[in-house]
Amino acid sequence: MAERTLKLRALLFLYSTANISGCALALLGPVLLFAGVIDNGWMLITAGLYAAGWLLGRKPAELERHIEDSLSLEQMLERLDRLVAQAQPHLTDDMRKRLDRVRESIGEVLPRLLGARSHDDDLFTVRETVLRYLPETLANYVALPPAFRMTHVLKDGKTARQLLDEQLALLDDKLREVVANVAASDAGALIANGQFLEMKFRQPDFLQR
């Protein structure tokens with residue numbers, strides 16, 4: 001992964017929930033000072049309030065970044081369901097609906113995908129999207145501060161929220177095509193699906209241009 005610039009790291013910190021929470025709580029320091037509740041040591045108290053707010057606002061644990069392909073079908077689906085449940089609070093209603101449809105499609109084709117070997121490019125790339133690219137993309141999105149996702153312009157003049165919305169819409173459409181093509185045993189169409197998914201999801205980091 002490329003080294004993040006100092007400017008980008010500073011923006012991620014400023015937009016972070018921990019920093020915003022810390023600043024909000026630290027404002028109580030001057031308020032208490034002007035109200036006459038505290039006097040000497042107000043700066044230390046303000047710093048302590050910021051630290052407390054920062055701790056309260058720390059980001060939740062990261063999502064799993066891939067699903068082990070050594071697991072059984074039931075275990076993979078369980079991991080996938082947990083991943084979807086953890087990601088949903090960070091998504092818009094439209095994103096949740098698309099992710100739910102993606103999950104339905106995966107449930108239909110995963111048994112066939114698990115039989116793919118590395119030389120079966122048509123199904124192997126689709127399987128990689130399901131087990132690795134999708135979890136990595138969701139994990140990278142959730143790791144971004146909420147305000148940063150919505151306001152900071154990244155690739156192609158779009159925010160992380162807009163980029164993820166587009167990616168989930170594409171994944172929803174393509175996996176529904178995969179379901180139809182697997183049912184029809186259309187190898188040529190599956191190869192095209194796999195190539196498209198690899199091109200779109202090979203770089204799951206929103207911060208990489």
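Every number here is computed from the coordinates shown, using simple stated rules; none is lab data. What you see is a predicted model; the values in this text were computed from it and never measured. Because the Cβ atoms are built from the backbone with ideal geometry, glycine has one as well, and the counts that use them run over all protein chains shown.
For the ranges 21-31, 150-160, what's the packing order if you count other beta-carbon atoms within 10 Å of each residue, average per peptide, and put the highest first?
Put in order of decreasing packing, that is 21-31, 150-160.
Placing dummy labels 7 Å off each Cα toward the beta-carbon, the span from Glu74 to Leu14 is 5.2 nm. Available extension along the chain between Lys97 and Gln162 is 21.9 nm, counting 0.36 nm per residue and deducting the alpha carbon span. Modelled spin-label separation between Asp81 and Leu44, with each label point placed 7 Å from Cα along the Cα-to-Cβ direction: 5.3 nm.
Shown is the FRET efficiency for Cys23 and Lys155, computed with R0 = 25 Å from the Cβ-Cβ distance and rounded to the nearest 0.05: 0.30. A Förster distance of 45 Å, applied to the separation of the beta-carbon atoms of Leu56 and Asp173, puts the FRET efficiency at 0.65.
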